[in-house]
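Notes follow the structure.
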Amino acid sequence: MSKKAEQPSAENPEELLDLKVTEPKEWAAGIPAVYEAFKDIIHETGPLRGMGALLKMNQKGGFDCSSCAWPDPDDDRSPIAEYCENGAKALAEEATTKKLTEEFFAQNSVADLAKLNDCEIGKKGRIAQPVYLPEGGTHYQPISWDDAFKKMATKLNSLASPDEAAFYTSGRTSNEASFVYQLFVREFGTNNMPDCSNMCHESSGTALNEVIGIGKGTVTLNDFYDTDVIIIMGQNPGTNHPRMLTALEKAKKNGAKIIAINPLHEAGLTAFKDPQTVKGFLGIGVKLADIYLQVNINGDMALLKALEKLLLDEEKLHPGKIFDQEFIKENTVGYDELVKDIEKQDINKLCESAGVPFEQLREAAELLKYKNRIIVCWAMGITQQVNGVDTIKEITNLVLLKGSIGKPGAGLCPVRGHSNVQGNRTMLIWEKLKDEPAKKIKEVFGFDPPKEKGFDTVESIKAMHAGKLKFFFAMGGNFISATPDTNYTADGIRKLGMTVHVSTKLNRSHLVHGKEALILPCYSRSDRDIINGVEQIISCENSMGVVQQSKGVLKPISDQLLSETQIVCRLAKATLGDNSKVDWDKYQSNYDTIRDDIEKVISGCEDFNKRIRLPGGFYLPNGPREGKFKTEKYGDKAAFSVVKLPDDKLADDEYMMASIRSHDQFNTTIYGLEDRYRGIHNERRVIFMNQKDIDRDGFKAGDKVDLFNYGDGVERVAKLFVVVPYNIPERNTATYYPETNVLVPINSVAKGSNTPVSKRVIIKIKKHNPNKN
C-alpha cells in the first residue's frame, strides 16, 4: 500500500472552527433568503452599486447571472427580482469594491495565502492587474499585459509539439470568447481542451447523443408549467438551482405532481416559500414533493428498473394504456429486448438495491401509470457515478416507454450547473471535433484543424504526471478545487513549466502552480465592456438551449482588466503572428464580427447578431423536442437500452460517500460557512451519517474522525471531520466538496464519459488521530 504525500494547506487543518448544529429546515427560501442575499450585496458592494446591478440581472437587456444555468422565463420575468439568493451572492462576489493591488501581492506570499481556507481566499477581492510568479519566486508581482502575452507566446512556441499544451474552459466563459478560444487552440494545433463539462454533464451528453441524437435536454421552461408529473433525481434545486423552485411552485399550482428521488432529505425538495408572493412573505409555503423516495447512493438505476417492471405488469393487464405503443412503434428501436430484460428482474432485489420499500415504489408507479406528460430532471447525483451514462439511458427508457418526449409538458431535463457550460460545448469547446464543424472551420478560415482527439480533464491530469503536458491555460474556473484526487492533481500541476489562469478573483488554483505562473484579470458578467466607445454584448446558452444576450452594467474596479475575448485575441496574435489566417484585430474590436463568423460554422446560429438582440434571445434547434430523432447508430429512431445493474457491494467497514455543496457555495466558490437548510453553521468539515451507523460503529454526534479511501492501492485521507447525524440511508454518507475531493481516485470514472465519480466514493471512517501524519 503506497501513501500520498499530503499537501501543506488549509485543506489539512489542525483544528476546527466552532461548529453549531441545528435542526434541518423543512422548506427553502422565504424571508431568510432575502436577508442573506441583501446582506452579502450591501457588505461587498454598498447599496447603490449592488442593488442597481441586481435589478438588471437576468433581465432582458441586462446581464446573465454567472452562477447556475437555469433558464429565464420567456415572458413573465419579475421586474424586481429575477434572481435567487445564491445568484445575489455570486453578484456580490464579482461586484465587490475590494481589489487586490500590487501591494497585496507584495505583502502576501503564495505560501501564506495557501494557509487560508477557500472562503477566506475568495473574500480577498477582485484581482486588479496581471501578476506573474517567476520560477523559484515566493510572491506574485505586477507584469504588463504586453509582457504577459510575450511570456506565454514564448513558452507556447518553444514546445516540442502543440499537444504539450492544454487549454481548460470554465462554464462562465461567453459564447464569443469560447468560439475564438477554440479557434486559437485549433489553429495553434491541438484539441487538448478539457472543460468543466468533463466533470459534470459529460455523462448526459454521451448517453443522450447515443439514444436520442442530441446531448442536451428536450424541454422548455414552459413545459414545467403544464405537465402531469415532474421527477427530480440526484439533484437538490433549493441549493444548486434555486430559481427552479419558482417553476416547481407554478407546476404544482397547475396540478402537477412531483416525485423526488434523493439519498438526503433536502429542504428544497420538500417545500418552498416564495418571498415574492404575499403567502411566501408571510411564511406560508407550497409543498413540493408528493412522493419522496430516499434512494441509496447510486440506487437510481435499480429504482428505475423497479418502476418499469411495475408499469410493465400493468401494461400486460391494460395493453396500450400504460405504455405509448404507437409512439414506440413509430419512433423507437429495441423495445422487445428491453421488455425481456425487465421481465428477468426480481422486484424484491431491485427494491433492496435501491433502498426503497416496495410500497413506496408501488405508489410512484401508480402515480405514473396513466400519465404521459412526464418530465425527468437530473444532475450530478446521476452523472458522477461509474454507471452514470447507463443510468441516463435508463431514464430515457422510462420516458420512451411513456411516449413522454416530443410533446408539450414532457421530456428530458439534465439541469446544468454553470451558466453557459452548455454554450461552451455548442461553440466547439471539446477535446473532440466532429467532421462537419471541422469542415466548416477549413472553409471559413482556411486552415485544417487537428483531427486527433485531445485530452479531457482526467486525461490532462494524467498527462501532467507523465510529462506529456508542459503548459496549462485555464479560462476561468478553479481547476485544483474542481478536480478529483487533489494531491495527485497538485503533484501533476507542479510539474508544468507554466500555468496561466484567467480569473476575476483569487482562488486556490493560483496557489498550486507550475514553475512559472500568470494570473490574468478579466471582466465579470456584470462589468461594462466598452471598446472604442461602443458597449459590447456577449451571449450565453442556458440549460434549455436558449441563447440570449448579456450586457454588463457596472464600472470595472480597475482599468487594467481585459475581457476574455480580448485576452484570447491578443494571445493568438502574440503566439501565431503573421502565420495566422484569422483576423484577430477584427474580433477584439467588435464582438459582432465574431458572431458573424459563428453563424458560418455553428448550425442553428443563423442571423446570430439579429436574433441575439431580440428580447429573450432565441432557441437553438432541438429535433427530439419536436419528436424528430437522428442518431448515428439508429437513424431516425430513438433507442431503448438494455443496461446492467451496478455491483455496489461494500465491505463491513466501508461506506458510500457523496460529495455535495453547502447552501453557502456555488461549485468551488465558498460564500460563507452557513448551510442553514441542513442546520450546519460556522464549519464545513462535517460528515452526515445515519444514526444507526453512528451507534453501530461506536461513534457519537460531534466525534472527530478522519476519512480514508484506498482506491488503486493508494491511501488517501481527509482529516478532521465532525460526525453529524442526518436523515440519510444506512451505509450512505455525505460531505462537502472540495474538502473531500482528495478522496476521489483519479481512476474512478464513469464508463463512457470519463467523468470523475464524486457521488459514490468508497470510504472508511476512523476516529481522528491528531498524532498520525
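Taking only alpha carbon atoms, segment 622-687 gives an Rg to Rh ratio of 1.25, where Rh is the Kirkwood radius.
Put simply, the convex hull of the Cα atoms in the chain casts, on average, a shadow of 30.5 nm². Inter-part distance, segment 140-200 to segment 424-487, computed on C-alpha centroids, equals 9 Å.
Dividing the radius of gyration of the alpha carbons in segment 264-404 by their Kirkwood radius gives 1.02 for Rg/Rh. Temperature 4 °C, viscosity 1.567 mPa s: under these conditions the Stokes-Einstein estimate for segment 118-167, based on its Kirkwood radius over C-alpha pairs, is 97 µm² per second. Per residue, segment 453-561 exposes 26 Å² of solvent-accessible protein surface, assessed with a 1.4 angstrom probe and all protein chains in place.
Here the Debye sum runs over all C-alpha atoms of segment 503-582 as equal scatterers in vacuum, and log10 of I(q)/I(0) at q = 0.15 Å⁻¹ comes out as -0.76. The residues Lys766, Lys393, Lys581, sorted by heavy-atom accessible surface at 1.4 Å with ligands and nucleic acids left out, run Lys581, Lys766, Lys393 from largest to smallest. Translational diffusion of segment 132-273 was estimated from the Stokes-Einstein equation, with Rh taken as the Kirkwood radius over Cα pairs; at 25 °C and 0.890 mPa s the coefficient is 125 µm²/s.
Surface listing: Thr426, Thr735 arranged by accessible area from highest to lowest gives Thr426, Thr735, probe 1.4 Å.
Distances between placed amide hydrogens fall under 5 Å for Arg126 paired with Lys98, Lys99, Leu100, all partners being 5 or more residues away or on another chain.
Shape class for segment 32-78, computed from the alpha carbon gyration tensor (a ≥ b ≥ c): prolate, with a/c not under 1.5 and a/b above b/c.
Using a cutoff of 8 angstrom between alpha carbon atoms and counting only pairs six or more residues apart, the relative contact order for segment 626-758 works out to 24 percent.
Counting only the Cα atoms, segment 495-547 fills a convex hull of 140 Å³ per residue.
Solvent-accessible area of Tyr370, all protein chains in place: 130 Å² (probe radius 1.4 Å, heavy atoms, ligands and nucleic acids excluded). The Thr101 and Ile531 beta-carbon pair, evaluated with R₀ = 22 Å, returns a calculated FRET efficiency of approximately 0.35.
In order along segment 187-193, phi translates into HN-Hα couplings of 5, 5, x, 9, 10, 6, 10 Hz, rounded to whole numbers, per the Karplus curve 6.51 cos²θ - 1.76 cosθ + 1.60 with θ = phi - 60° and x for Gly and Pro.
Distance from the C-alpha centroid of segment 540-565 to that of segment 657-683: 27 Å, rounded to the whole angstrom. Look at the alpha carbon pairs under 8 Å that are at least 6 residues apart: their mean separation over the length of the chain gives a relative contact order of 22 percent.
Per-residue Karplus couplings for segment 520-529, computed as 6.51 cos²θ - 1.76 cosθ + 1.60 with θ equal to phi - 60°, are listed in order as 10, x, 10, 5, 8, 4, 7, 7, 5, 10 Hz, Gly and Pro entered as x. Charging the Cβ of each Asp and Glu at -1 and of each Lys and Arg at +1, and nothing else, the dipole of segment 572-619 about its Cα centre rounds to 120 debye. Measuring between their Cα centroids, segment 223-263 and segment 729-756 lie 26 Å from each other.
Listed cross-link partners Lys581/Lys610; Lys155/Lys495; Lys123/Lys495; Lys309/Lys349 are compared with a 22 Å cut-off, the Cα-Cα value being larger for Lys581/Lys610; Lys123/Lys495. Taking all protein chains together and rolling a 1.4 Å probe, His768 ends up with roughly 50 Å² accessible.
Absence of a disulfide-compatible partner, taken as no other cysteine beta carbon within less than 4.7 angstrom, is noted in the chain for Cys65, Cys68, Cys84, Cys119, Cys196, Cys200, Cys351, Cys522, Cys540, Cys569, Cys605. The apolar share of the surface of the chain, taken as the fraction of accessible area on carbon and sulfur atoms (1.4 Å probe, ligands and nucleic acids excluded), comes to 50 percent. Straightening the chain between Lys751 and Lys767 buys 2.4 nm, computed as 0.36 nm per residue apart minus the Cα-Cα spacing.
Measuring only protein heavy atoms, the 1.4 Å probe finds Met464 accessible over about 0 Å².
Taking amide H positions as modeled 1.01 Å from N, with prolines and chain starts lacking one, the residues under 5 Å from Asp529 and 5 or more places away or on another chain are Gln536, Gly552.
The values are calculated or read from the model by the stated rules, or taken from the named source; none is laboratory data. Since the structure is predicted, the reported quantities are computational estimates derived from the model, not experimental observations. Here the Cβ is made from the backbone with ideal geometry for all residues, glycine too, and neighbour counts use every protein chain on show. Accessible surface is based on the protein model in full, side chains and every heavy atom, while ligands, DNA and RNA are left aside. Shrake-Rupley method; radii C 1.70, N 1.55, O 1.52, S 1.80 Å.
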